[in-house]
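Colleague: Please find one structure pasted underneath; my questions will follow.
The values are calculated or read from the model by the stated rules, or taken from the named source; none is laboratory data. Everything numeric in this text was worked out from a predicted model, so none of it was measured. FYI the Cβ positions are ideal-geometry reconstructions off the backbone, even for glycines, and counts take in every protein chain you see. Keep in mind that these areas ignore ligands, DNA and RNA; they rest on the heavy atoms of the full protein, side chains included. Shrake-Rupley method; radii C 1.70, N 1.55, O 1.52, S 1.80 Å.
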Amino acid sequence: MRLGRIASPDGVAFVSIEGEGEERTAREIAEHPFGTPTFTGRSWPLADVRLLAPILASKVIAIGKNYAAHAAEMGSEAPDSPVIFLKPNTSIVGPGAPILLPPPSSEVHYEGELAVIIGRPCKDVPASKALDVVLGYTVANDVSARDHQRQDGQWTRAKGHDTFCPLGPWIETSLDPSDVEIRTEVDGEVKQRSRTSLLLHDIPDIIEWVSAVMTLLPGDVILTGTPEGVGPITSGQSVSVTVEGIGTLTNPVAAKK
Ligand code: MG
């Protein structure tokens with residue numbers, strides 16, 4: 001199932017996105033998409049509504065340096081244990097929403113990533129049971145101000161600006177995420193192309209690690225790390241991240257006024 005969130009003339013709603021291509025429809029879910037969704041009976045052609053970020057997260061947890069080739073391009077070793085950091089939920093935007101470049105930074109980079117969406121409250125989840133707490137998977141861009149990252153020695157400001165966490169276009173609930181292609185394009189030029197099979201810490205291990213630290217709530221997002229090929233984005237460009245089996249998340253880039 002593909003779960004999304006839309007703005008329609010009637011308001012904001014969670015939906016199931018059904019069909020393919022031009023024929024896609026958004027079928028309204030009553031209340032929320034966790035557990036077994038029920039439907040209101042209303043639906044819209046997807047072309048007539050606007051997709052929002054597919055989930056409301058209480059927090060976004062991200063994994064740093066989870067592909068060896070990206071750790072190497074950043075001039076560091078791949079860590080033995082997952083390195084985690086938080087992005088504020090106010091950094092989340094949906095497909096098509098602009099990534100706003102904050103004036104104090106002159107070096108904002110894209111980072112295409114596979115994102116895990118948590119489906120129920122959980123704590124201390126063993127890796128063997130980790131997939132039981134997953135609602136599904138979406139596409140993310142862990143937008144990062146490299147100059148702020150270097151200046152601060154930690155990542156809260158660099159990764160925390162408003163609009164620095166595009167998510168979407170929807171949550172795919174039936175994906176096997178263990179070996180899918182992840183690709184980032186800037187203005188149609190391929191910049192990152194890798195596979196999730198190269199994750200140093202796989203999704204079950206990440207969920208065990210993170211949930212040993214903090215309670216995870218329905219809708220929480222875990223960004224699994226970016227492969228090699230990160231680079232700058234500038235105002236006027238368009239950045240697209242595609243994860244095989246999910247879809248493509250595209251966002252324009254604009255200077256913050
Ligand atoms: Mg990242």
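Colleague: What is the local net charge at Ile182, summed over the other residues whose Cβ is closer than 13 Å to its Cβ (Lys, Arg +1; Asp, Glu -1)?
Modeller: Numbers: positive: Arg183, Lys191, Arg193, Arg195; negative: Glu111, Glu113, Asp142, Asp179, Glu181, Glu185, Glu228, Glu244.
Net local charge, Ile182 excluded: -4.
Colleague: For Lys65, what accessible area in Å² do you get when you roll a 1.4 Å probe over the heavy atoms of the protein chains, rounding to the nearest 10?
Modeller: 60
Colleague: Would you mind checking the pairs Lys65/Lys87; Lys65/Lys257; Lys59/Lys256; Lys87/Lys191; Lys123/Lys159; Lys65/Lys256 and listing those with alpha carbons more than 20 angstrom apart?
Modeller: Lys65/Lys257; Lys59/Lys256; Lys87/Lys191; Lys123/Lys159; Lys65/Lys256
Colleague: Could you work out which residue, out of Gly160, Gly229, Gly19, moves most in a Gaussian network model of the chain, that is, has the largest mean-square fluctuation with Cα springs under 10 Å?
Modeller: Maximum fluctuation in the GNM of the chain, among the listed residues, is at Gly19.
Colleague: Could you give the length gained on full extension between Asp202 and Gln154, defined as 0.36 nm per residue of separation minus the Cα-Cα distance, in nm?
Modeller: 14.9 nm
Colleague: The chain: D in µm²/s via Stokes-Einstein (Kirkwood Rh, Cα pairs, 20 °C, 1.002 mPa s)? Intermediate results must be reported in sequence, preceding the final value.
Modeller: Values: Rh = 18.3 Å.
Result for D is 117 µm²/s.
Colleague: Taking the simple approach of a point 7 Å from Cα along Cα-to-Cβ for both Leu56 and Lys129, what is their distance in nm?
Modeller: 2.8
Colleague: Based on the alpha-carbon gyration tensor of the stretch 65-186, what equivalent-ellipsoid semi-axes (square roots of 5 times the eigenvalues) come out, in whole Å, largest first? Mind dumping the intermediate values first?
Modeller: Numbers: eigenvalues 126, 69, 43 Å².
The equivalent ellipsoid of the stretch 65-186 has semi-axes of 25, 19, 15 Å.
Colleague: Another question, then. Would you calculate the separation in nanometres between label points at Arg24 and Phe39, each defined as 7 Å from the Cα along the Cα-to-beta-carbon direction?
Modeller: Rounded to a tenth, the inter-label distance reads 1.7 nm.
Colleague: If the label point is 7 Å along Cα→Cβ of Ala72, which residues in the stretch 170-205 have backbone nitrogen under 17 Å from it?
Modeller: 192-201
Colleague: Considering only Ser16, Ser43, Ser144, give the residue with the highest GNM mean-square fluctuation for the chain, with springs between Cα atoms whenever their separation is below 10 Å.
Modeller: Ser43
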